[in-house]
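The next block holds one structure in the form of C-alpha coordinates; read it before the comments.
The values are calculated or read from the model by the stated rules, or taken from the named source; none is laboratory data. Fair warning: this is a prediction, and the values are worked out from it, not measured in the lab. Please note: Cβ atoms are built from the backbone with ideal geometry, for glycine as well, and neighbour counts cover all protein chains shown. Just so you know, the surface numbers come from the protein's heavy atoms only, side chains and all, with ligands and any DNA or RNA stripped out. Shrake-Rupley method; radii C 1.70, N 1.55, O 1.52, S 1.80 Å.
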Amino acid sequence: TGRYGGHAGRALDYRVSGQTASRGPELHPGDDAFDDWNLSQATARADWGAPGDRDTITVDGRWYTGREGKRTGIGFYDPPAQIDVDDPQYVSGGDVRARWRRVVDAGDDLQAQVYYDRTNRDGVQFGELRDTFDLDVIDHVTPLARHSIRWGAGARWSPSTFLQTQPTVDFEPHQETDRLFSFFGQDEIGLVPRRLTLTKIG
(Lines give C-alpha, C1' and ligand atoms only; values in the text may rest on other atoms or scores of the structure.)
Protein backbone atom coordinates (compact mmCIF):
# COMPACT_ATOMS: atom_id res chain seq x y z
CA THR A 1 0.00 0.00 0.00
CA GLY A 2 1.22 3.50 -0.81
CA ARG A 3 -0.22 7.00 -0.65
CA TYR A 4 0.96 10.47 -1.58
CA GLY A 5 -0.77 13.81 -1.14
CA GLY A 6 -0.05 17.48 -1.33
CA HIS A 7 -1.25 21.04 -1.73
CA ALA A 8 -0.90 23.19 -4.85
CA GLY A 9 -1.63 26.86 -5.12
CA ARG A 10 -4.16 28.55 -2.90
CA ALA A 11 -7.06 26.13 -3.09
CA LEU A 12 -6.04 22.70 -4.41
CA ASP A 13 -5.48 19.65 -2.23
CA TYR A 14 -4.86 16.23 -3.77
CA ARG A 15 -3.87 12.68 -2.96
CA VAL A 16 -3.23 9.46 -4.88
CA SER A 17 -2.89 5.96 -3.51
CA GLY A 18 -2.36 2.40 -4.66
CA GLN A 19 -2.84 -1.00 -3.11
CA THR A 20 -2.22 -4.58 -4.13
CA ALA A 21 -2.87 -7.80 -2.25
CA SER A 22 -2.59 -11.49 -2.96
CA ARG A 23 -3.36 -14.71 -1.12
CA GLY A 24 -2.17 -18.23 -1.71
CA PRO A 25 -4.51 -21.22 -2.00
CA GLU A 26 -6.06 -23.07 0.88
CA LEU A 27 -5.06 -26.66 1.68
CA HIS A 28 -7.08 -29.19 -0.35
CA PRO A 29 -6.88 -32.95 -0.89
CA GLY A 30 -4.55 -33.64 -3.75
CA ASP A 31 -2.84 -30.26 -3.27
CA ASP A 32 -5.16 -28.59 -5.79
CA ALA A 33 -4.28 -24.88 -5.87
CA PHE A 34 -7.42 -23.39 -7.39
CA ASP A 35 -8.53 -20.68 -4.93
CA ASP A 36 -5.64 -18.23 -4.82
CA TRP A 37 -6.49 -14.63 -5.64
CA ASN A 38 -5.03 -11.17 -6.16
CA LEU A 39 -6.48 -7.68 -6.35
CA SER A 40 -4.95 -4.30 -7.19
CA GLN A 41 -6.50 -0.85 -7.09
CA ALA A 42 -5.56 2.80 -7.48
CA THR A 43 -7.43 5.85 -6.19
CA ALA A 44 -7.14 9.61 -6.62
CA ARG A 45 -8.88 12.62 -5.13
CA ALA A 46 -8.68 16.38 -5.64
CA ASP A 47 -10.42 19.18 -3.72
CA TRP A 48 -10.71 22.76 -4.96
CA GLY A 49 -11.80 25.52 -2.62
CA ALA A 50 -10.13 27.65 0.03
CA PRO A 51 -11.73 28.61 3.36
CA GLY A 52 -14.25 31.36 2.70
CA ASP A 53 -14.87 30.44 -0.95
CA ARG A 54 -18.50 30.16 -2.02
CA ASP A 55 -17.77 27.25 -4.37
CA THR A 56 -15.97 23.99 -3.61
CA ILE A 57 -15.39 21.06 -5.98
CA THR A 58 -14.35 17.50 -5.18
CA VAL A 59 -13.38 14.90 -7.77
CA ASP A 60 -12.36 11.36 -6.85
CA GLY A 61 -12.00 8.08 -8.67
CA ARG A 62 -10.95 4.47 -8.32
CA TRP A 63 -9.75 1.73 -10.67
CA TYR A 64 -9.30 -1.94 -9.77
CA THR A 65 -8.49 -5.28 -11.35
CA GLY A 66 -8.20 -8.75 -9.89
CA ARG A 67 -8.27 -12.49 -10.28
CA GLU A 68 -10.33 -14.76 -8.01
CA GLY A 69 -9.47 -18.43 -8.11
CA LYS A 70 -12.46 -20.73 -7.69
CA ARG A 71 -13.90 -24.17 -8.44
CA THR A 72 -17.18 -24.12 -10.35
CA GLY A 73 -19.61 -26.88 -11.20
CA ILE A 74 -20.49 -26.79 -14.92
CA GLY A 75 -23.47 -28.67 -16.32
CA PHE A 76 -23.80 -30.14 -19.81
CA TYR A 77 -26.85 -31.27 -21.82
CA ASP A 78 -25.33 -33.86 -24.16
CA PRO A 79 -24.52 -36.12 -22.50
CA PRO A 80 -26.14 -34.93 -19.23
CA ALA A 81 -23.29 -34.39 -16.80
CA GLN A 82 -21.71 -31.99 -14.37
CA ILE A 83 -18.01 -31.54 -13.84
CA ASP A 84 -15.95 -29.29 -11.53
CA VAL A 85 -13.79 -26.77 -13.35
CA ASP A 86 -10.87 -25.01 -11.67
CA ASP A 87 -10.80 -21.69 -13.47
CA PRO A 88 -10.45 -18.15 -12.12
CA GLN A 89 -12.94 -15.34 -12.33
CA TYR A 90 -11.57 -12.00 -13.52
CA VAL A 91 -12.99 -8.76 -12.15
CA SER A 92 -12.22 -5.19 -13.10
CA GLY A 93 -13.84 -1.80 -13.04
CA GLY A 94 -13.72 1.67 -11.66
CA ASP A 95 -15.72 4.71 -10.74
CA VAL A 96 -15.44 8.49 -10.78
CA ARG A 97 -17.43 11.08 -8.84
CA ALA A 98 -17.60 14.87 -9.04
CA ARG A 99 -19.35 16.99 -6.40
CA TRP A 100 -19.96 20.76 -6.46
CA ARG A 101 -21.17 22.80 -3.48
CA ARG A 102 -22.09 26.49 -3.40
CA VAL A 103 -22.76 28.46 -0.24
CA VAL A 104 -25.71 30.66 -1.19
CA ASP A 105 -26.17 32.45 2.11
CA ALA A 106 -25.41 31.99 5.78
CA GLY A 107 -26.64 28.48 6.51
CA ASP A 108 -27.93 27.88 2.96
CA ASP A 109 -26.15 25.82 0.32
CA LEU A 110 -26.71 23.92 -2.91
CA GLN A 111 -24.99 20.65 -3.89
CA ALA A 112 -24.87 18.63 -7.10
CA GLN A 113 -23.11 15.32 -7.69
CA VAL A 114 -22.51 13.13 -10.74
CA TYR A 115 -21.20 9.57 -10.54
CA TYR A 116 -20.17 6.89 -13.02
CA ASP A 117 -19.28 3.27 -12.27
CA ARG A 118 -18.23 0.36 -14.48
CA THR A 119 -18.16 -3.25 -13.29
CA ASN A 120 -16.82 -6.12 -15.38
CA ARG A 121 -17.03 -9.76 -14.31
CA ASP A 122 -15.71 -12.58 -16.51
CA GLY A 123 -15.97 -16.16 -15.24
CA VAL A 124 -16.09 -19.69 -16.56
CA GLN A 125 -19.84 -19.91 -15.83
CA PHE A 126 -21.06 -16.48 -16.96
CA GLY A 127 -20.02 -12.84 -17.14
CA GLU A 128 -21.55 -9.40 -16.76
CA LEU A 129 -20.69 -5.88 -17.85
CA ARG A 130 -22.57 -3.04 -16.11
CA ASP A 131 -22.38 0.74 -16.34
CA THR A 132 -24.09 3.00 -13.80
CA PHE A 133 -24.73 6.73 -14.19
CA ASP A 134 -26.08 8.71 -11.23
CA LEU A 135 -27.08 12.36 -10.68
CA ASP A 136 -28.11 13.91 -7.34
CA VAL A 137 -29.05 17.47 -6.36
CA ILE A 138 -29.62 18.67 -2.77
CA ASP A 139 -30.75 22.15 -1.70
CA HIS A 140 -30.53 23.39 1.90
CA VAL A 141 -32.43 26.51 2.99
CA THR A 142 -33.37 28.11 6.31
CA PRO A 143 -36.48 30.17 5.43
CA LEU A 144 -37.85 30.49 8.97
CA ALA A 145 -36.42 30.70 12.45
CA ARG A 146 -35.69 27.22 13.85
CA HIS A 147 -36.41 25.57 10.49
CA SER A 148 -33.69 23.91 8.41
CA ILE A 149 -35.13 22.46 5.20
CA ARG A 150 -33.37 20.09 2.82
CA TRP A 151 -34.85 18.74 -0.37
CA GLY A 152 -33.36 16.89 -3.26
CA ALA A 153 -33.83 14.69 -6.30
CA GLY A 154 -31.86 11.91 -7.93
CA ALA A 155 -31.78 9.86 -11.12
CA ARG A 156 -29.91 6.64 -11.87
CA TRP A 157 -29.48 4.80 -15.18
CA SER A 158 -27.76 1.41 -15.18
CA PRO A 159 -27.50 -0.65 -18.39
CA SER A 160 -26.03 -4.16 -18.15
CA THR A 161 -25.03 -6.92 -20.54
CA PHE A 162 -25.08 -10.60 -19.59
CA LEU A 163 -22.32 -12.68 -21.17
CA GLN A 164 -23.35 -16.31 -21.69
CA THR A 165 -20.38 -18.69 -21.62
CA GLN A 166 -22.16 -22.02 -20.98
CA PRO A 167 -25.35 -23.35 -22.65
CA THR A 168 -26.75 -24.50 -19.29
CA VAL A 169 -26.58 -21.06 -17.63
CA ASP A 170 -28.53 -18.22 -19.19
CA PHE A 171 -30.35 -15.07 -18.09
CA GLU A 172 -32.93 -13.35 -20.26
CA PRO A 173 -32.80 -10.69 -21.54
CA HIS A 174 -29.06 -10.49 -22.18
CA GLN A 175 -29.27 -6.70 -22.17
CA GLU A 176 -31.31 -4.80 -19.61
CA THR A 177 -31.41 -1.26 -18.24
CA ASP A 178 -32.46 -0.36 -14.69
CA ARG A 179 -33.79 3.14 -14.00
CA LEU A 180 -34.40 4.75 -10.62
CA PHE A 181 -35.78 8.20 -9.80
CA SER A 182 -36.06 9.60 -6.28
CA PHE A 183 -37.15 12.72 -4.41
CA PHE A 184 -36.99 13.62 -0.72
CA GLY A 185 -37.77 16.48 1.65
CA GLN A 186 -36.69 17.05 5.24
CA ASP A 187 -37.57 19.74 7.77
CA GLU A 188 -35.47 19.96 10.93
CA ILE A 189 -37.12 22.07 13.61
CA GLY A 190 -35.12 23.35 16.56
CA LEU A 191 -37.25 22.95 19.70
CA VAL A 192 -34.53 23.72 22.24
CA PRO A 193 -31.44 25.51 20.78
CA ARG A 194 -28.47 23.11 20.50
CA ARG A 195 -30.29 20.51 22.63
CA LEU A 196 -33.46 19.16 21.01
CA THR A 197 -34.70 19.02 17.40
CA LEU A 198 -37.65 17.45 15.60
CA THR A 199 -37.05 16.07 12.10
CA LYS A 200 -39.83 15.44 9.55
CA ILE A 201 -38.86 13.39 6.49
CA GLY A 202 -40.88 12.76 3.36
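Observations, loosely collected:
- Comparing Cα centroids, the range 76-138 and the range 1-74 end up 15 angstrom apart.
- Value of relative contact order over the range 34-87, rounded to a whole percent, pairs C-alpha under 8 Å and six or more apart: 36 percent
- Accessible surface of Y14, taken over heavy atoms with a 1.4 Å probe and every protein chain present, rounds to 80 Å².
- Accessible area per residue, Å², the range 1-150 with all protein chains present, probe 1.4 Å: 64 Å²
- Peptides 177-190, 93-106 ordered by packing proxy, namely the average of other Cβ atoms within 10 Å per residue, highest first: 93-106, 177-190.
- Accessible surface of the range 49-121, 1.4 Å probe, proportion on carbon and sulfur as whole %: 52 percent
- Structure-derived Cα extents along the principal axes in Å: which label, when the choices are (1) 76, 40, 32; (2) 77, 47, 31; (3) 50, 37, 36: (1)
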